[in-house]
Amino acid sequence: MLYAGIDIGSQSTDVVIIDEEKKIKGYSVISTGAIHKNAAESALAIACSNANCNVDDIKYVVGTGYGRKNISIASSQVTEITCHAKGAFYLNNDTRMILDIGGQDSKVIKIDNLGNVVDFIMNEKCAAGTGRFLETMARILEVDLSEMGEKGIQSEKDVKLSSICTVFAESEVISKIAEGDKCEDIINGIHNTICDRAIGMIQRLSLEAVLTMTGGVAKNRGVVRNLSERLGISVFVPEEPQIVGALGAAVIAYEKSNRR
Ligand SMILES: Nc1ncnc2c1ncn2[C@@H]1O[C@H](COP(=O)(O)OP(=O)(O)OP(=O)(O)O)[C@@H](O)[C@H]1O
Ligand SMILES: [Mg+2]
């Protein structure tokens, strides 16, 4: 029998399918789009195809993410906090702190040596410090989102953005371009703005030795590098950071099903 986790986020809908040994059999990451129900169904179909199984082979489904109420196939719903903690601990059980930066919110979660959530902080009030901020900036700079990380790493000069708000930062970036600052340096400044926000949250919970970063922004090597340097630790990034919430949901599906 198989177990699945479905995470409907503001940007991506992610599905992970695991087996009786809690091994990952298949997964998918697709764009959420406007209709959550369609996203869940499509992502599940792709993950099934990757796992070489049928939807009927799945015994228990747990839904998570901000669209979790719209997953009709899910037997239960669990918060993102619990799922990210579960997924990150499953991938690396030395993890004591998780930083998740998604499309519209960011959160820091503290867990104990059994993977239980001890504390968390969530920022969902504004776009600054989230993937949305990076998307806006990439558009202004006419750089592909997936190239931002590498470009930022090439920076040789500090360019600091002073605006906290995305709207003001947008015009600040435009004037930096006009002033002749190099694209790489502006990007690095943008990455540091993301790091400022994240570090502020991390410090409020006090940094733990093993920090796992999840969510799509963890794919940006520039953000991860700056964060590691500024925190003085090596931030652990899973192979596919975007599926960690769905993975946690799948592990919870396994546990719920086997508890009954
Ligand atoms: N290949 C990539 N390279 C760099 N950044 C990326 C890449 N893919 C996605 N991202 C970033 O990840 C963000 C989306 O992350 P994710 O899929 O974790 O969000 P989400 O879970 O849908 O959102 P939320 O949890 O806030 O509801 C995008 O806004 C973008 O900034
Ligand atoms: Mg998310």
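Each reported figure results from applying straightforward, stated rules to the coordinates on display, with no laboratory input. Bear in mind that the values here come from a model prediction, so they are computed numbers and not experimental data. Counting neighbours? That spans all protein chains shown, and the Cβs are built from the backbone with ideal geometry, glycine included.
Odds and ends about this structure:
- Simple Cβ-charge dipole of the chain, Lys/Arg +1 and Asp/Glu -1, about Cα centre, in debye nearest 20: 700
- Once both labels are positioned 7 Å from their Cα atoms along Cα-to-Cβ, the gap between Asp196 and Asn54 label points is 5.6 nm.
- From helices alone, the chain scores -13500 deg cm²/dmol at 222 nm; the rule is -39500 (n - 2.57) for each run of n ≥ 4 DSSP H residues, then divide by the residue total.
- Only Cα sites of the stretch 94-237 enter the Debye sum here, all with the same form factor; the resulting log10 I(q)/I(0) across q = 0.11 1/Å is -0.38, listed in q order.
- Dipole of the stretch 94-237, positive end: most advanced residue of Ala209, Ser146, Leu161 [Cβ charges, Cα centre]: Ala209
- Beta bridges per DSSP with both ends in the stretch 94-237, % antiparallel, nearest 5: 70
- Using C-alpha pairs below 8 Å separated by at least 6 residues, the relative contact order for the chain is 25 percent.
- Protection proxy ranking, peptides 166-177, 208-219, average beta carbon neighbours within 10 Å, highest first: 208-219, 166-177
- Axial C-alpha extent at least 18 Å, average Kyte-Doolittle at least -1.0 - helices from the chain (DSSP): 36-51, 166-179, 183-205, 244-259
- Filter on Lys125/Lys151; Lys22/Lys86; Lys107/Lys176 - keep pairs with C-alpha separation over 22 Å: Lys125/Lys151; Lys107/Lys176
- 17 Å Cα-Cα reach of Lys110 towards aspartates and glutamates, excluding residues that sit fewer than 8 places from it in its own chain: Glu80, Asp94, Asp100, Asp119, Glu208
- Taking the DSSP beta bridges with both ends in the chain, the antiparallel portion is around 65 percent.
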